[in-house]
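Down below is the structure, laid out as structure tokens.
The values are calculated or read from the model by the stated rules, or taken from the named source; none is laboratory data. It should be emphasised that the depicted structure is a prediction, and the values quoted were computed from it without experimental measurement. Using ideal geometry, Cβ is built from the backbone for each residue, glycine included, and neighbour counts are taken over all protein chains shown.
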Amino acid sequence: MRRKLLLGNWKMNKLSSEAKEFAVQSKPLVALAQKNNIDLGVAPTYLSLATVKENADKGMIVAAQNVHFKESGAYTGEVSIPMLKEFGIDWVLIGHSERRGYDNETNEKCNLKIKALIENGMVPVYCCGESLSTFEAGQTKEFVEQQIRVGLADLTKEQVKDLVVAYEPIWSIGTGKNASVEIAQDICGFVRSILRDMFGEVAEKIRILYGGSVKPENIKAYLSCPDVDGALVGGASLKIDSYEGLLKNIL
Ligand code: PEP
């Protein structure tokens, strides 16, 4: 049985003071989630990671939104894995479509980051998903397959067992334009079949999230799909009431 996972992606939102307030308010939700075998987490900005880690329940997953694959050096503006580890951060989003789109995050670069994270005992949440034009051209599966095969190249079965994959069609992120439950299941099931082809049975252990305009009102339908093990949620994870609604609707 795969444990459900609800992960909020705060993107470039919230001052540290706001992140702290959310972290404090989220404490009872973590206990509730754990009682129901659900993992709960958020991905704040770098500047709020320590605040959230300090003020949330210990069981709260606190993820960074990006990391560099090198340990240190002349990479202005970047943050390394040891820097995250020093703050007890061991989850990182990799390849979010906004980073792919605005920051030239390629599948190859994602692969370097994922390998470095796994070598450091950390958990990558590898994001994949197609644009509207790729979707309309009926090329979603070829596109996503390439993202998975290149992003997860040169990893062993043992290394991918704790990995999380998030399928997020770009056309549904922040647009309110949801992918249907059928599309979510079809592509998440397809992703699992690629993982099975690459890594064998361990694919049954890998959690696959759906993301894209997930709200308290629709989360239950997505999570009832056999291959959707949780959700990566942007907008609806920003306010504590809505975050609570997301959790309570999947208990
Ligand atoms: C996201 O940022 O990963 C996301 C899915 O955003 P939203 O829920 O706002 O569509």
Quick check on segment 192-221: of everything there that is of a type in the set (Val, Ile, Thr) and more than 16 Å from the ligand (Cβ to nearest atom), which residue is farthest from residue 139 (Cα to Cα)? 202
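Looking at 125, 144, which one is of a type in the set (A, V, I, L, M), crowded, with 18+ Cβ neighbours inside 10 Å and assigned to a strand (DSSP E or B)?
Details: 144 fails: assigned to a strand (DSSP E or B).
On inspection, the qualifying residue turns out to be 125.
Filter segment 222-236 down to residues that are in a loop (DSSP other than H, G, I, E, B) and touching a residue at least 60 places away in the same chain (Cβ under 8 Å) and give me whichever is nearest to the ligand (Cβ to nearest atom).
So the first thing to find is which residues in segment 222-236 are in a loop (DSSP other than H, G, I, E, B), and the list is 224-229, 234.
If we keep only those that are touching a residue at least 60 places away in the same chain (Cβ under 8 Å) as well, we get 229, 234.
Values: 229: 15, 234: 2 Å.
Across segment 222-236, the extreme among qualifying residues is 234.
Report, by residue number, each residue of segment 80-103 that is part of a loop (DSSP other than H, G, I, E, B) and surrounded by fewer than 17 Cβ atoms within 10 Å (Cβ to Cβ).
Let us first name the residues in segment 80-103 that are part of a loop (DSSP other than H, G, I, E, B), namely 80, 87-90, 95-96.
Within segment 80-103, 87, 88 meet the criteria.
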Residue check, residue 41 against (1) closer than 20 Å to residue 238 by Cα; (2) touching a helix residue (DSSP H, G or I) at 6+ places or on another chain (Cβ under 6 Å); (3) in contact (Cβ under 8 Å) with a residue 40 or more places away in the chain, all met but one. Which one? (2)
Out of (1) free of Cβ contacts under 8 Å to residues at least 60 places away in the same chain; (2) surrounded by 15 or more Cβ atoms within 10 Å (Cβ to Cβ); (3) farther than 25 Å from residue 203 by Cα, the odd one out for residue 14 is which? (1)
Mind checking which residues of segment 134-176 are away from the ligand (no atom under 16 Å from the Cβ) and either modelled with pLDDT under 95 or charged (D, E, K, R) (or both)? 136, 141, 142, 145, 149, 154, 157, 158, 161, 162
